Structure formats: C-alpha cells, structure tokens
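See structure below.
The values are calculated or read from the model by the stated rules, or taken from the named source; none is laboratory data. Model, not experiment: these values are computed from the prediction. Cβ atoms come from the backbone with ideal geometry, glycine included; neighbour counts cover every protein chain shown.
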Amino acid sequence: MSTGMSGEPSNDFFPAGMAWGPRDTPHEDPNIMPTAVGAPSVSGGEEAPFSPLQTRAHQMFPLLTESEVERMRRFGTIERWKAGEAMFTMGDVGKGMVVVLKGLVRINRRDALGHVHLIIDQPPGQFLAEIAQLSGKPCLVDGYALEDVEGIVIPPERLRALIIAEAELGERIMRALILRRVGLIEKGSGPVLLGKSTDGKLIALQGFLRRNGYPHTVIDACADPDAIALLERISASKADFPLVICPDGTVLRAPDENQVATQLGWLPEFDSAHIYDVAVVGAGPAGLATAVYAASEGLSVAVFDCRAPGGQAGASSRIENYLGFPTGISGQALAGRAFVQAQKFGAHIAIPSEIKSLHCDRSPIQVELANGTLVSTRTVVIASGAAYRRPAIEGLERFEGRGTYYWASPVEAKLCKDSEVVLVGGGNSAGQAAVYLASHCVHVHLLIRGAGLAASMSRYLVDRIASLPNVTLHTHTQISSLEGDDRGLTAVNCKTADGPLSFPVRHLFLFTGADPNTSWLSGCNVSVDRKGFVLTGPEAHEGQEPGAPALETSVPGVFAIGDVRSASTKRVAAAVGEGAAVVAQIHGLLAARQELDVDAPCAARV
C-alpha cells in the first residue's frame, strides 16, 4: 500500500516484518552477488534470476559494530542535519555513503505515479547508500532526518578505498548495496514506461533499462488501468509514444536511449586535463575483464559502451560451460557482477557513450565521443565486439522491433509466451536462446542451413535441444521472405531441400552471426583482415621487428581483444582471458615508456 506525495508513506517493502521484495524464486548462488546492472525490471516477473529478498534484511541493512564504525571514520567527515531536513533527494547527486552516528533517518522511494513508499527507518550503526554511491550517480531514493542526525559522510572515491582496505567489512557493504538495488528494481521504483506492449520502441527502452539495472515500471497503455489516470494528466499524440514519465514529473516523448540516460543522470563528466592509463572501448566480457584487472592494479581506467554492459554475451539467457558456475549463469548476471567489480576498483564507466573516432596521431591518444568530448589516454583497448548481422531477407526492415529480434531476454520471452516462434542460427548463442525460449513458448522451430548442429554448437547444447519435445530442428532451411500486417510479423517463408515451407508465427529470432564493430576506427589506420576484424601481433606487424605484444595492433599503444580481434576464439571465457592478458602487455608498454621518460608517438608503424 502507498500514499500520495503529501501523505504518510506506507511500508510495503517488509510485509510481515520480512525483508525487501515479494519473490520466492530460487537461485543457484546462496551468496547472491547478483548485479547492479542487468537486474530484472518489475515487469520481468518470474524470470528474475535472483534469490528471494524476504530473508535478507540482515544483509540489506546490517548493523555495524562500534569497532567497525570507528574504522570507517578515517574515510569520511562528520556532518549534521536538523530534524525534518532532507539529507539527499532522488535524482540529485548525493555526497556519498552516510554512516549514522546519532538520530533516525527515514528512507523513501518514489515512483512516477506520484506515490511515496517507505523503505526503512535507519538508526545509529547503519549506513545510507546503494550501488549508485560507488560511482557518484544520482540517488534513487529520498532520505530525511526524523530526528537531529549526525553521520560520517564517505564520498564515492573514499567509499571505494574503504571497501578495498577493509576486505571483510567491504564485502558486507557491497552485498548490502547490491541487494538494495535489487529491491528497488523488484519494486518498480523510478520512471514509468507507457506505451503499447508490442511497440518495438517500448521494447527497446525496456531492454535498455533492464540491461543497465535501472529500476522502472512498464505500463501497457492499451490494457493497464493505471494508464488511464496517467493519460488524463498528459496530453499525448500517437507519435509521442512510448512515453517515459520520470519521478520528478519530466515527461519524455518517444525518446531515444541517450535522451533517457541523460535525463536520469547516467552520463559522467570527463576532466579534459586528465590522462587515463587505459581507455577501453566496449563493455562486453573482454572489456570488463580489462577494466577489473587494470583498475585493481592501480591503473587509471575509462570504459565506454554505446548501450549496456555485457555485449552480446549479456543477452545470453544461460551460459552453462563457464568455469566456476556448475549450475550456469545468465550472461546478464555475469556482466553485472563484472560491472560492479570494475566500479569497486575505481574504473570510470561511461554508458551509454558512443565513440565517434580514435585519434591515434596524437600523443597522448584521444578518444572522441559522439557529443564531441575528447578523452586523453596513454593506451587504448579495442573491445567493441561485433554487431548483430542482419541477413538479406525480403521484408526484414519492416518487422525489426515488430516481431523480429536479435536476442532473447525475459522481455522478449514474455511477448512470446504461449506462442510458436522461429529461431535461426547454429551457434552457441542460438542454442542457448532455443533452450531458454522452449521454457516459455509452445514450440520453437530452429532453422539452420547445414546438416546438423555438431560442427558449430557445444555438445551440451546439442544434447539439450535434442531432448526438448517442443523444439524442432529444420536442417537445410533458409528464410526467403517475411509477411505481416499492421500489428507486425505474421509468417516466415522458407526454402528447404524438399520445397517451400511457411511458418505462421509472429516472432522471429535471428542469431546469424555478427560483423566486427570497427567503423569508428576508420581514421586510425589500424590494420584489419578481409572481414574487418582487427589484426594483432605478428599479423599486424608484418615485415617489422619481432617481439611486438601479441594483442597490440598495427598502432603502438592500441590493443584489440575479444570478438573484434581477428582469429580470436568467440567464447566468453576466451574473451575474459584476453582481457586479463592485455593488462600485462599494457604494463610492459607503460614501463618501457617510463624508462624513456616520454609518451611514445602513436602513429601507425609503416
């Protein structure tokens, strides 16, 4: 239960005295280090890949001992607030984490429907923060003093230092910060997305917020009674949808992802005078691994990605052959953990940030963002991965976002519930998607051009697919055209060895490979192979002196790792390994330059 903004908030986070959140979904990891990104939206329902929060109150809101509080004093400064005074406000950048020494603090969450919900009243010995305070992002809750309050304010950079210096205490703090974010996501705090549930733009925005672990609620304008009340307050035309209504009252009309991110305060500012040791372009498994290892070893790290952490791997419903996770882990959860880990060590992460170009002829190298910002760095790691390949299918453009998809997340699975779907592809990503969709759809038709899956897919996935009664493998089959109506896709027409075949379906999933994401490198003279993948090591330095680092490109100080690198193994574990390995090569390069006491010029070797 909740009240309007002017009423006394009700406590709907702890029913029957239990902890935050209503779900009782089991989870494979009893220590839940889930993610601050990639957590499910409230509309994700039972697909939420996280453990229940009912019994986690002691971990979400731990009571610190006197000794722990004393050890934290050196990381912050004492501040005081009068009873009734706001300590921090949703949407504003806070001062950091606050350890309560005296008084009582009320924490509320707000949604875009104008409701205030009580989260908890926090006494002395507890701390006020969630995962946003690690990186100085805007607050997601309101906090005000019920009594005169005294507390230790620990700014983000000192909070990260505390977590690293005090390992056991830091673990408890990190777990609490993550669980608090999960609770906000499960309760649907933050902006409301209002539109038609099948609208491709709405689906894209929902996926964008979900992949970035940002709390939100989705309301179907055609079916949800709450939509009527909202639309009475908002004058909107058909062209305005989807609407994004923010808790501060701002209404975004048919916004793109960058507009949403800007309004929510995601985009960081860069100091033009600062020179990073490493700039990582791409926050997939390879890029995040570089960020974690480089930042943990004391290097100054900037990370850029145009959409969300995880890359293509982040859209994998379940990875079952990744080392250390015997029951499997979703790509989103894996990427989310790495994202938080990189933040913990101080990596400066800018998502979403599109790279316009790389200026390799300057010293130091400069990364130019789409908004014109220039970021200076001593080295660059190209980890931009590969973009989903759009096959040459008649009518495909008409149905992108209206029945055709390039990944299978809980958002798409919900749309396809109790339906038949067609899925194209013979790699591991296609296999993982087929297994995942089979648990939600009536039937999955898996189409491949070849004679079988064994040559292109891991054995465990081949066996899993063969055991599923509602998955049919169609070999020697290619899509010839698509058909549809005003609502979207209605049929997938195919060519087979036995003649034409048509599937009357409204949902088509395409996992037909990927092309290297390297268009932003056009002005840097980085050598690529005939398919556009970046050459490294001896292949990049043909005719030159031996001994060049194995992951360095044809441009000194510019490295390439992961799926974007020519001849790389297209597996998550391999990408993570390259992300770790490149840090050692960067250390070697920086050490050599330091010996010369110069930053070597960054023109390509010729």
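Laid out as a table, the results:
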{"item": "Unmet requirement for Q341, which otherwise passes all of (1) touching a residue at least 24 places away in the same chain (Cβ under 8 Å); (2) surrounded by fewer than 22 Cβ atoms within 10 Å (Cβ to Cβ); (3) touching a strand residue (DSSP E or B) at 6+ places or on another chain (Cβ under 8 Å)", "result": "(3)"}
{"item": "Residue list for region 196-237, restricted to those being in contact (Cβ under 8 Å) with a residue 40 or more places away in the chain and either farther than 27 Å from N108 by Cα or assigned by TED's automatic domain parsing to the domain that holds P138 (or both)", "result": "K196, S197, T198, D199, G200, K201, L202, I203, A204"}
{"item": "Some residue of region 394-415 being without any contact (Cβ under 8 Å) to a residue 60 or more places away in the chain, touching a Leu at 6+ places or on another chain (Cβ under 8 Å), buried (at least 23 other Cβ atoms within 10 Å of the Cβ) and under 14 Å from F503 (Cβ atoms)", "result": "no"}
{"item": "In region 105-131, the residues that are touching a strand residue (DSSP E or B) at 6+ places or on another chain (Cβ under 8 Å), part of a loop (DSSP other than H, G, I, E, B) and under 28 Å from E157 (Cβ atoms)", "result": "P123, P124, G125, Q126, A129"}
{"item": "Some residue of region 393-407 being of a type outside the set (S, T, N, Q), modelled with pLDDT of 95 or more and under 28 Å from A132 (Cβ atoms)", "result": "no"}
{"item": "Of residues in region 249-273 being in a strand (DSSP E or B) and out of contact with any Asp or Glu (no Cβ under 7 Å at 6 or more places or on another chain), the one nearest to I203 (Cα to Cα)", "result": "L252"}
{"item": "Residue that is farthest from the chain's Cα centre (by Cα), among those in region 185-243 that are assigned to a helix (DSSP H, G or I) and among the small types (G, A, S)", "result": "A229"}
{"item": "Residue list for region 250-267, restricted to those being closer than 14 Å to L194 by Cα and either among the small types (G, A, S) or at pLDDT below 90 (or both)", "result": "A254"}
{"item": "Meets criteria (out of contact with any Cys (no Cβ under 9 Å at 6 or more places or on another chain), in contact (Cβ under 8 Å) with a residue 12 or more places away in the chain and farther than 30 Å from H587 by Cβ) for A254", "result": "yes"}
{"item": "Only listed residue being within 28 Å of the chain's Cα centre (by Cα), more than 16 Å from A387 (Cα to Cα), of a type in the set (D, E, K, R) and at pLDDT 90 or above, chosen from E539, E552", "result": "E552"}
{"item": "Flag if R362 is of a type in the set (D, E, K, R), in contact with a helix residue (DSSP H, G or I) (Cβ under 7 Å, 6 or more places away or on another chain) and either over 23 Å from A295 (Cα atoms) or part of a loop (DSSP other than H, G, I, E, B) (or both)", "result": "no"}
{"item": "Residues of region 218-242 satisfying the condition of being in contact with a strand residue (DSSP E or B) (Cβ under 9 Å, 6 or more places away or on another chain) and of a type in the set (D, E)", "result": "D220, D224, D226, D240"}
{"item": "Residue check for E595: part of a loop (DSSP other than H, G, I, E, B) and modelled with pLDDT under 95", "result": "no"}
{"item": "Some residue of region 151-158 being more than 30 Å from A236 (Cβ to Cβ), assigned to a helix (DSSP H, G or I) and not basic (K, R)", "result": "yes"}
{"item": "Any hit, region 409-426, residues being among the small types (G, A, S), modelled with pLDDT of 95 or more, closer than 18 Å to G513 by Cα and part of a loop (DSSP other than H, G, I, E, B)", "result": "yes"}
